[in-house]
1. Which of the residues belonging to segment 22-50 are open to solvent by less than 30 Å² (accessible area, probe 1.4 Å) and either in a loop (DSSP other than H, G, I, E, B) or at pLDDT below 85 (or both)?
2. Against the condition of a type outside the set (Lys, Arg), touching a strand residue (DSSP E or B) at 6+ places or on another chain (Cβ under 9 Å) and either open to solvent by 40 Å² or more (accessible area, probe 1.4 Å) or assigned to a helix (DSSP H, G or I) (or both), how does Ile281 come out, does it pass?
3. Could you check segment 164-252 for strands (runs of 3 or more DSSP E) lying wholly inside it with 3 or more residues that are in contact (Cβ under 8 Å) with a residue 60 or more places away in the chain, closer than 27 Å to Asp132 by Cα and in contact with a helix residue (DSSP H, G or I) (Cβ under 7 Å, 6 or more places away or on another chain)?
4. Hey, among the residues in segment 253-277 that are open to solvent by 30 Å² or more (accessible area, probe 1.4 Å), of a type in the set (D, E, K, R) and not in a loop (DSSP other than H, G, I, E, B), which one's nearest to Arg289 (Cα to Cα)?
5. Which number in (1) at pLDDT 95 or above; (2) of a type outside the set (Ser, Thr, Tyr); (3) farther than 26 Å from His84 by Cα marks the one condition that Gly249 misses?
Amino acid sequence: MAIADDGAMAGSVSGGCVEGAVVEEARQVLDAGRPRLVRFGVADDDAFAVGLSCGGTLEVWVEPFDGDGAATDLARLRVSLETHQAVARATVLDGPAAGSHVLFDADAAVLAGDTPAPITDAARGLAHATRDAFGATRRRINEATGTDLFVEWLPPPPRLVIVGAVHVAIPLVSMARAVGFETFVVDPRTAFATAERFGHADRLSHDWPDEALEQLGVDANTFVALLSHDLKLDVPALRVALSRARYVGALGSRKTHAKRLAAAREAGIEEGLLTRIHNPIGLDLGGRRAEEMAVAVLAEIVAVSHGRDARPLPPHA
């Protein structure tokens with residue numbers, strides 16, 4: 001959550017529970033120029049006032065974001081995320097080095113930071129431990145000095161590649177962008193893939209799906225939805241997506257999918273990879289309108305992105 005000195009804000013830390021109290025804490029931090037860790041809980045006299053009367057506790061780290069160090073952090077973060085690279089940011093929460101940071105790339109090389117060497121080493125270890133899940137962790141690394149370290153991974157936005165610029169794809173792009181996906185629509189049929197229909201997508205490609213996916217650089221943070229019903233588009237896309245993408249879903253009936261599988265086998269795609277295809281695509285919500293189908297597809301993709309899926313990951317993920 002970002003809070004300006006005039007009280008303007010963007011984002012949230014609790015979905016609405018303590019935002020008002022955090023804004024007031026932020027004003028004090030900005031005045032003092034020093035970070036602080038704030039705790040809210042049911043035992044506090046003002047628990048009802050800040051919205052935690054339902055129970056639980058919440059700790060919020062509030063820090064000023066200004067000066068050369070912050071500018072360097074922001075610049076490094078921006079470059080990494082724009083080039084689709086994950087970054088880990090470690091923050092010292094207390095002790096003599098409270099408020100210092102260090103940034104790591106995906107290989108745990110230091111990008112920027114001002115933490116002492118022992119803390120940097122400890123942060124690197126915690127970054128390694130949480131990298132696969134893009135997770136976050138907090139650990140006390142020095143009992144004598146009371147040094148708490150918080151390490152979080154900041155992954156780039158997930159990418160949704162839609163193969164087939166059909167009607168369902170139009171609301172699917174809008175919904176996916178609303179929940180944080182970068183959206184790419186691929187269809188060599190120029191009558192379908194027009195700027196008028198898909199001006200809201202992050203990228204529109206008229207290349208063949210295998211070429212477009214290769215250029216994009218599909219990885220385990222990429223989700224692919226095949227909506228074309230056309231084997232000429234589906235099979236080339238499957239050849240690239242199945243061994244790399246986190247999710248591959250394909251629209252079509254069982255009969256259509258059987259033909260798709262047969263064509264994929266003929267193209268040399270391994271049988272084990274074919275089991276990764278979600279078909280029928282999307283969760284069964286009962287809807288049949290384009291917007292309802294888009295909800296179903298996105299719901300399944302979100303579920304997979306949070307690990308609610310028993311199907312195997314790509315071999316290298």
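The values are calculated or read from the model by the stated rules, or taken from the named source; none is laboratory data. Please read these numbers as outputs of a predicted model, since none were measured by experiment. A quick note on method: Cβ atoms are made from the backbone with ideal geometry, for glycine too, and the neighbour counts reach across all protein chains shown. The protein model used for the area step is the full one, side chains on, heavy atoms only, and it has no ligands, DNA or RNA in it. Shrake-Rupley method; radii C 1.70, N 1.55, O 1.52, S 1.80 Å.
1. Once the filter is applied, which keeps residues that are open to solvent by less than 30 Å² (accessible area, probe 1.4 Å) and either in a loop (DSSP other than H, G, I, E, B) or at pLDDT below 85 (or both), segment 22-50 yields Phe40, Gly41, Ala47, Val50.
2. Working: of a type outside the set (Lys, Arg): yes; touching a strand residue (DSSP E or B) at 6+ places or on another chain (Cβ under 9 Å): yes; either open to solvent by 40 Å² or more (accessible area, probe 1.4 Å) or assigned to a helix (DSSP H, G or I) (or both): no.
Against the criterion (of a type outside the set (Lys, Arg), touching a strand residue (DSSP E or B) at 6+ places or on another chain (Cβ under 9 Å) and either open to solvent by 40 Å² or more (accessible area, probe 1.4 Å) or assigned to a helix (DSSP H, G or I) (or both)), Ile281 does not qualify.
3. On the way: elements: 182-186, 203-205, 222-226, 247-250.
Result: 222-226.
4. Arg254
5. (3)
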